[in-house]
Amino acid sequence: SFSDDGKMTVDLGPGFHRGTAVAVQPDGKLVVGATRSGGGWSDFALCRILPNGATDTSFDTDGVQNTDFGAFDIAAALKIQSDG
């Protein structure tokens, strides 16, 4: 029942995308950390997926948050804090 075929693809914007970390919230939502990269740059990205495989549009309106921390940003691990 997850995304009809058990797979989920999310467009994170320009560049090459690679999911590198996953955390499960107590409500069953998945938070996926990813790295977006292109010709000499990389950014940190997060997306949140509902238990049914749909993108959670209550998370930054489209389910995706891209952040440029500077230099080369890589999502290596995620942890859901106790306060959510």
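The values are calculated or read from the model by the stated rules, or taken from the named source; none is laboratory data. This is a predicted model, so every value here is computed, not measured. Heads up, the Cβs are rebuilt from the backbone with ideal geometry, glycines too, and the neighbour counts pull from every protein chain shown. Heads up: the accessible areas ignore ligands, DNA and RNA and are worked out on the full protein's heavy atoms, side chains in. Shrake-Rupley method; radii C 1.70, N 1.55, O 1.52, S 1.80 Å.
Listed residues V10, V32; which is open to solvent by less than 60 Å² (accessible area, probe 1.4 Å), at pLDDT below 90 and not acidic (D, E)?
Working: V32 fails: at pLDDT below 90.
Of the residues listed, the single one that is open to solvent by less than 60 Å² (accessible area, probe 1.4 Å), at pLDDT below 90 and not acidic (D, E) is V10.
Checking T57 against (1) free of Cβ contacts under 8 Å to residues at least 12 places away in the same chain; (2) surrounded by 19 or more Cβ atoms within 10 Å (Cβ to Cβ), which test does it fail?
Going through (1) free of Cβ contacts under 8 Å to residues at least 12 places away in the same chain; (2) surrounded by 19 or more Cβ atoms within 10 Å (Cβ to Cβ) one by one, T57 breaks only (2).
Pick from segment 1-59 the residues that are part of a loop (DSSP other than H, G, I, E, B) and of a type in the set (D, E, K, R): which of them is nearest to S82 (Cα to Cα)? Walk me through it before giving the result.
First, pick out the residues of segment 1-59 that are part of a loop (DSSP other than H, G, I, E, B): 1-15, 25-29, 39-40, 50-54, 56-59.
Restricting the remaining residues to those that are of a type in the set (D, E, K, R) gives 4-5, 7, 11, 27, 29, 56.
Numbers: D4: 31, D5: 32, K7: 28, D11: 29, D27: 13, K29: 15, D56: 20 Å.
Per the criteria, the residue is D27.
Since A23 meets every condition but one in (1) open to solvent by less than 30 Å² (accessible area, probe 1.4 Å); (2) modelled with pLDDT under 85, which condition does it not meet?
(2)
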